[in-house]
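Chemist: Once you've had a glance at the structure underneath, I'll fire off some questions.
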Amino acid sequence: MLSAMSRCPYLPFSDGPHRMAMGLLTLKPEDWIEIDEDYVEYLTEKRRLLADRREEVFWVSRPAEEACVELRDVLIEHLKARFPVSFRQRGTELTNLLTEETWNLLVAELPPLELASRLVQEDFCVLQADSEGRYRLTAASVCFPTRWILGEKLGRPMLEIHAPVPGYAETLGRPVDRFFSLLKVDKPVWRLNWSLTDSPNLFQPTRPASVKITLENAGQNVYLRVERQTLRRLPVSGAIAFGIRIYQTPLARIAEHPETAARLAAAIRAMPAETLSYKSLDDSAPAIIDFLMGAALSPTGTV
């Protein structure tokens, strides 16, 4: 199993105690996609999952087929403009110079959404409004889920998809639906979501068996996992492309920075009990907090 271990460039817990909020920020169009040193490893893992566990990571409904073609084409144009050294198109052939792969875009070598997903580290979901204006998941290529199972979300509206999230229905259900209906083509947005996991695997639909987290092993066995989520409306179909980019780093690297360790400890301590349980932290939180506070109080920033 691949475990991408690059330093996470985002610290979404730094804004204060836990609160249920959308936390949307304006996204510059040129910043839609991010590529880093783990690019080839991510794409290698995607190829493996799409081959070996396809039914768990990929699904397209008939109503989403045209939107998936549009997403692929919009993405390719973005990549050629934003990363011209890495992506080149000659006639109908697109070459990824980072992986040395070439595709003929006029030949259906891969489903459009699969090709889009295999060009970038991001996963993609396609959301479309139904007859009642509710946005439903109509297509997805999600190779790197964080403790959720794609098969349980297919075709469902946002409220049902997020039903397990404590406080979502009461606090964010209506605002999210309203925001989706108002999202403009030229106004993409992004947000961050974070969790702590006890596995470095990128593919985490469920919680794997792991060792008990203690003060002594938390630095090596707990990982900060951040989702950089992007939302942009496609201009022709009107569908919303929801991108999910995973970053993760072991807690030991967080411990190298005392102020960051202290902020993360405070964020965990402020979480409601139901949120700790939802994030599978109710048993391990005390040991994690002790480890982080030890780092925060250490002159060297480590424990």
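Chemist: Once the principal axes of the Cα atoms of segment 48-195 are found, what is the range along each, listed largest first in whole angstroms?
Modeler: Over segment 48-195, Cα extents along the principal axes are 50, 37, 32 Å.
Chemist: Sticking with this structure for a sec: Using only alpha carbon pairs under 8 Å that are at least six residues apart, calculate the relative contact order of the chain and give it in whole percent. Don't skip to the end; give the middle numbers.
Modeler: Details: 525 pairs, mean separation 69.1, N = 303.
Normalised by residue count, the contact order of the chain is 23 percent.
Chemist: Moving to a separate point now. Mind checking the full-extension length gain between SER280 and ARG82? Use 0.36 nm per residue of separation minus the Cα-Cα distance, one decimal, nm.
Modeler: 67.5 nm
Chemist: Suppose every K and R has +1 on its Cβ and every D and E has -1 on its Cβ; what is the size of the dipole of segment 38-184 about the Cα centre, in Debye to the nearest 20?
Modeler: Here segment 38-184 has a charge dipole of around 240 debye.
Chemist: State the extension gain, in nm to one decimal, for the chain segment bounded by SER210 and ARG269, taking 0.36 nm per residue of separation less the distance between their alpha-carbons.
Modeler: Gain on stretching SER210 to ARG269: 19.0 nm.
Chemist: I would also like to ask the following. Identify all lysines with a Cα-Cα distance to LYS212 below 29 Å; exclude those on the same chain that are fewer than 8 residues away in sequence.
Modeler: LYS279
Chemist: Shifting gears a bit: Which length gain, in nm to one decimal place, applies between LEU154 and GLU55 when the Cα-Cα distance is subtracted from 0.36 nm times their residue separation?
Modeler: Roughly 34.5 nm would be gained on extension.
Chemist: Could you work out what % of the accessible surface of the chain is carbon and sulfur, using a 1.4 angstrom probe and leaving DNA, RNA and ligands out of the count?
Modeler: 53
Chemist: Run lengths n ≥ 4 of DSSP H only: what is the helix-derived mean residue ellipticity at 222 nm for the chain, with -39500 (n - 2.57) per run over all residues, to the nearest 500?
Modeler: -9000 deg cm²/dmol
Chemist: Still on this structure: Ranked from highest to lowest mean number of other Cβ atoms within 10 Å per residue, what is the order of the peptides 134-143, 55-64?
Modeler: Highest to lowest by the protection proxy: 134-143, 55-64.
Chemist: In whole angstrom, how long is each semi-axis of the equivalent ellipsoid of segment 222-289, when you take the square root of 5 times every eigenvalue of its Cα gyration tensor and sort them from largest down?
Modeler: The equivalent ellipsoid of segment 222-289 has semi-axes of 31, 16, 10 Å.
Chemist: Rank-order 117-125, 248-256 by packing density, defined as the average count of other C-beta atoms within 10 Å over each peptide's residues, highest first.
Modeler: Per-residue mean Cβ counts within 10 Å order the peptides as 117-125, 248-256.
Chemist: Using the crude model of +1 on Lys and Arg Cβ and -1 on Asp and Glu Cβ, and no other charge, please compute the dipole size for the chain relative to its Cα centre, in debye to 20.
Modeler: Here the size comes out at about 480 debye.
Chemist: Find, among the trypsin sites (Lys or Arg not before Pro) in segment 53-87, those assigned to loop by DSSP (not H, G, I, E, B) with at most 10 other beta-carbon atoms within 10 angstrom.
Modeler: Qualifying residues, ordered by number: none.
Chemist: Something else: Can you give the accessible area per residue of the chain, in Å², using a 1.4 Å probe?
Modeler: 47
The values are calculated or read from the model by the stated rules, or taken from the named source; none is laboratory data. Bear in mind the structure is a predicted one, so any value in this text is a computation, not a measurement. Cβ sites come from the backbone with ideal geometry, for glycine too, and all protein chains shown count toward neighbours. SASA here: full protein model, heavy atoms, side chains in, ligands and nucleic acids out. Shrake-Rupley method; radii C 1.70, N 1.55, O 1.52, S 1.80 Å.
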